[in-house]
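Asker: Here it is, the structure in full.
The values are calculated or read from the model by the stated rules, or taken from the named source; none is laboratory data. Everything numeric here is computed off the predicted structure, so don't read it as measured data. Heads up, the Cβs are rebuilt from the backbone with ideal geometry, glycines too, and the neighbour counts pull from every protein chain shown.
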Amino acid sequence: MKNKYILSFLALASGVLLSLMIMANSYLARFTTPLTASWLTHGIGTLFSLVIYFFYLQKRKQQVRKQQVQSQVIKKGKMIWYLGGIPGGFTVLLAAITVNSPLSLAGSIILMITGQIIFGLLVDTMGWFGVIKRKITVSDFLMCTLLITGCSLLIIGK
C-alpha cells in the first residue's frame, strides 16, 4: 500500500517537472528557435542522466564487490527500447512551437500525452516491439475516454 502512494507522488512530481520544463523550454524558444531550445533541453537532460547513470554504476560495482558474486551482470536493453525518447523529444519540440498558439500550453501537453498513452495501449494490444500482448481493460478504455473528453473541453473552451 505504501508503494502505491510513492508511485502516485512520483507521477505527480513528474507531471509538475514536465510542465516546468516545457515552460522553460518555450521561454528559451523565444530567444532562439524551438529546435535549438529542444536540443539544449535534451542535451542538459542527457548529461544529467549520464551523471546519475555513472553514480548507479559505481554503487552497483561496490555491491558486486561486497557480495563477491560474478554472475550479477548489468543486462543491456534491446536497442529498440532506446527509441522511446523520440516521442518525448517531439513532445518537447511541439510544445515549444504551440505554447504561444491558440491551443496554449495545457492543450498541447494534454494532446501529446494522450497520443503517447493511446500509442502505448496500441503497442500493448498488438504486442509490438517484443512486448507481451495484453487486452485493453475497462479502466484503460475509461482513461482514454476521459483524456479525450478533457482535451475536447479544454480546446473547445478556449
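Asker: Between a residue in region 42-57 that is in contact (Cβ under 8 Å) with a residue 12 or more places away in the chain and polar (S, T, N, Q) and any residue that is surrounded by fewer than 10 Cβ atoms within 10 Å (Cβ to Cβ) and in a helix (DSSP H, G or I), which pairs come within a Cβ distance under 6 Å, given they are 6 or more apart or on different chains?
Answerer: Listed pairs, sorted by first residue: none to list.
Asker: Residues of region 99-145 being in a helix (DSSP H, G or I), free of Cβ contacts under 8 Å to residues at least 12 places away in the same chain and surrounded by fewer than 11 Cβ atoms within 10 Å (Cβ to Cβ), which ones?
Answerer: M126, V138, S139, L142, T145
Yes or no, residue by residue, for (1) closer than 30 Å to S26 by Cα; (2) of a type outside the set (S, T, N, Q); (3) modelled with pLDDT of 80 or more:
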residue	(1), (2), (3)
K75	no, yes, no
G130	no, yes, no
D140	no, yes, yes
T145	yes, no, yes
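Asker: Output the qualifying pairs, or none if there are none: Cβ atoms under 9 angstrom, residues six or more apart or on different chains, first residue in region 1-25 and over 16 Å from G88 (Cβ atoms), second residue not in a helix (DSSP H, G or I).
Answerer: Final answer for the pair search is M23/V99.
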